[in-house]
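Written below as structure tokens is the structure these notes are about.
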Amino acid sequence: MTISNSVMVMNRKTMSIVGVAAVIFAVFLVFASGCVSQGEEAETITLAGSTTVLPVAQTVAEIYMDEHATADIQVSGGGSSVGVTAVKEGTADIGMLSRELKDSEKEGSNLEEFVIAKDGIALIAYPSNTVSDLTLAQIKDIYQGKITNWKELGGADMKIVLIGRDSASGTREFFTEFVLKKEDAASTMQEYSSNGAVQQAVAQTPGAIGYVSLEFVDDSVKAFTLSGIAPTVENVINNTYGLNRPLLMITDGEPTGLAKKFLDFILSDEGQNIIAENGFVPVNV
């Protein structure tokens with residue numbers, strides 16, 4: 001065999017190998033394309049409601065979307081009552097609540113409830129407040145204007161500044177029902193639209209008292225013990241801390257599509273771990 005013939009044979013072999021590789025690659029592309037498109041159509045859902053649930057719902061949604069490229073999950077607040085209304089009117093697929101559904105909200109509806117976590121309500125004050133412990137009766141008297149100065153509770157001679165939530169808040173509804181026994185708070189209570197706003201106002205106001213989700217207790221405020229029991233996740237789990245409540249997501253009828261997948265994810269071990277990492281109590285403990 002001449003050198004020229006040898007080169008021609010090598011070229012044919014090289015072209016043959018390249019050709020086979022091209023065919024394999026083309027088959028792979030067709031197969032891969034089929035896998036991506038099959039059952040992976042883009043879906044969008046919206047969540048609305050409780051500002052207590054909002055931050056953790058956003059975190060779970062971002063992680064879910066990172067793992068599922070075709071999912072688009074939009075989360076907004078507004079308060080628990082807004083979440084119920086949005087689901088009933090069809091402007092949201094999932095409603096978020098920091099309280100239980102009212103009988104009036106269930107009546108004539110097809111709402112489905114999913115308890116995604118438990119939460120504690122902490123009473124907080126300006127960091128230098130010398131009072132450390134309160135009873136439920138004292139908290140009720142404070143918020144109804146019967147106790148107006150911290151010296152009446154053994155603290156400094158300082159006027160108590162009442163800080164609470166707006167009327168759309170599930171946290172406020174829980175507080176009104178459980179602490180105020182469905183009676184009104186004093187008209188002097190300043191109203192804020194989120195846990196974060198209450199925390200910030202209390203942290204900046206000597207004499208202030210407010211109530212927030214456990215998630216919003218940090219070094220910028222002082223959290224009261226309740227009849228000697230600290231507001232902690234552990235004490236909510238063992239049920240020794242009395243101010244605790246369920247966090248809900250609701251749908252209009254049985255959830256389907258991405259709404260069902262998202263709810264299944266938040267109730268999975270991975271989702272419940274995210275719940276715990278964000279300061280709430282998982283439902284599977």
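The values are calculated or read from the model by the stated rules, or taken from the named source; none is laboratory data. Note that the structure is predicted; figures quoted are calculated from it, not measured. In this analysis, Cβ positions are derived from the backbone assuming ideal geometry, glycine residues included, and neighbour counts consider all displayed protein chains. Surface areas here come from the heavy atoms of the whole protein model, side chains and all, with no ligands, DNA or RNA. Shrake-Rupley method; radii C 1.70, N 1.55, O 1.52, S 1.80 Å.
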Option label - Rg/Rh (Cα atoms, Kirkwood Rh) computed here, alternatives (1) 1.28; (2) 1.08; (3) 0.99: (1)
Under the Karplus relation with 6.51, -1.76 and 1.60 and θ = phi - 60°, whole-Hz ³J(HN,Hα) for region 100-105, x at Gly and Pro, equal 6, 5, 7, 4, 5, 6
Rounded to the nearest Å, the spacing of the alpha-carbon centers of region 242-264 and region 164-204 is 24 Å
Taking θ = phi - 60°, what integer Hz values does the Karplus form 6.51 cos²θ - 1.76 cosθ + 1.60 yield along region 210-221, in sequence order, with x for Gly and Pro? x, 10, 9, 5, 3, 4, 9, 8, 8, 6, 7, 9
Between Ile229 and Glu41, take the C-beta separation as r, use R0 = 35 Å, and let me know the FRET efficiency to the nearest 0.05. 0.10
So, relative contact order of region 114-175 in percent, Cα under 8 Å, 6 or more apart, is 23 percent
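With a 1.4 Å probe and all protein chains in place, put Lys118, Lys159, Lys146 in order of accessible area, largest first. Before the final figure, lay out the partial values.
On the way: Lys118 65, Lys159 150, Lys146 130 Å².
Putting Lys118, Lys159, Lys146 in descending order of accessible area: Lys159, Lys146, Lys118.
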List, in order, the whole-Hz ³J(HN,Hα) value for each residue of region 126-133 obtained from phi through the Karplus relation with A = 6.51, B = -1.76, C = 1.60 and θ = phi - 60°; use x for Gly and Pro. 4, x, 8, 4, 8, 7, 10, 10
Sort 225-232, 193-200 by the packing proxy (mean of other Cβ within 10 Å over each peptide's residues), most packed first. 193-200, 225-232
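Out of the DSSP beta bridges found with both residues in the chain, what percent are antiparallel (nearest 5)? Before the final figure, lay out the partial values.
Details: 22 of 39 bridges.
The antiparallel proportion sits near 55 percent.
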List every DSSP H helix in the chain whose Cα atoms extend 15 Å or more along the helix's own long axis and whose mean Kyte-Doolittle hydropathy is at least -0.5. 3-37, 54-67
Counting each DSSP H run of 4 or more residues in the chain as -39500 (n - 2.57), what helix-only mean residue ellipticity at 222 nm follows after dividing by all residues, to the nearest 500 deg cm²/dmol? -12000 deg cm²/dmol
Starting from the Cα of Asp141, step 7 Å along the direction of its Cβ; do the same at Ser104; then give the gap between the two resulting points in nm. 3.2 nm
Using only alpha carbon positions, build the gyration tensor of region 152-285, then give the equivalent ellipsoid semi-axes as the square roots of 5 times its eigenvalues, largest first, whole angstrom. 31, 18, 14
Would you check the accessible area of Phe114, probe 1.4 Å, heavy atoms only, in square angstrom rounded to 10? 50 Å²
Given backbone amide H placed at 1.01 Å from N, residues whose amide H is under 5 Å from that of Val161, ignoring those fewer than 5 places away on the same chain, are Ala208, Ile209
Leaving out ligands, DNA and RNA but keeping every protein chain, what accessible area does Asp103 have, in Å² rounded to the nearest 10, with a 1.4 Å probe? 120 Å²
